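The numbers here are math on the coordinates, done by the rules we state, and not lab data. Source: prediction; values computed, not measured. Cβ coordinates were reconstructed from backbone atoms using ideal geometry, including for glycine residues, and neighbour counts include every protein chain displayed.
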Amino acid sequence: MAKYLAQIIVMGAQVVGRAFARALRQEYAASQAAAQARGRSGQQSAAASSITGMSLQEAQQILNISTLSPEEIQKSYDHLFKVNDKAVGGSYYLQSKVVRAKERLDEELTINTQEKQQSRQNTET
């Protein structure tokens, strides 16, 4: 009886192990496909996040914006920069975060512009 129970446990572990390995391979393949789909712009965006030390989402939250429009970014930046000025009782730390957020969003706008120009060039040829 113990022998059969051990065989059942071993077979069950093998089935679970194979299923786990298959799921892991599928997840890896999906991850690779997504990385290729993001392509160069995703790599540039990740590099910009690394350089500035701030993610795109964090920068958008700091400036309280939802879309990457230069006008909206500048308007929010100007307001938050003035409000956090040390001369009016603001915080230098918060003001520097606002500056870094604007720099990060400006970098993202540059990446998006380059990507659009590159895609236009590819469609023209």
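Using the average count of surrounding beta-carbon atoms within 10 Å as a protection proxy, the listed peptides 14-24, 81-91 rank, highest first, as 81-91, 14-24. The length gained on full extension between residue 31 and residue 99, counted as 0.36 nm times the residue separation minus their Cα-Cα distance, comes to 21.1 nm. Each part reduced to its alpha carbon centroid, segment 4-19 and segment 111-125 end up 54 Å apart. The lysines within cross-link reach of residue 86, meaning a Cα-to-Cα straight distance under 20 Å and a gap of 8 or more places when in the same chain, are 75, 97, 102.
If R0 is taken as 35 Å, the Cβ-Cβ distance between residue 83 and residue 19 corresponds to a FRET efficiency of 0.05.
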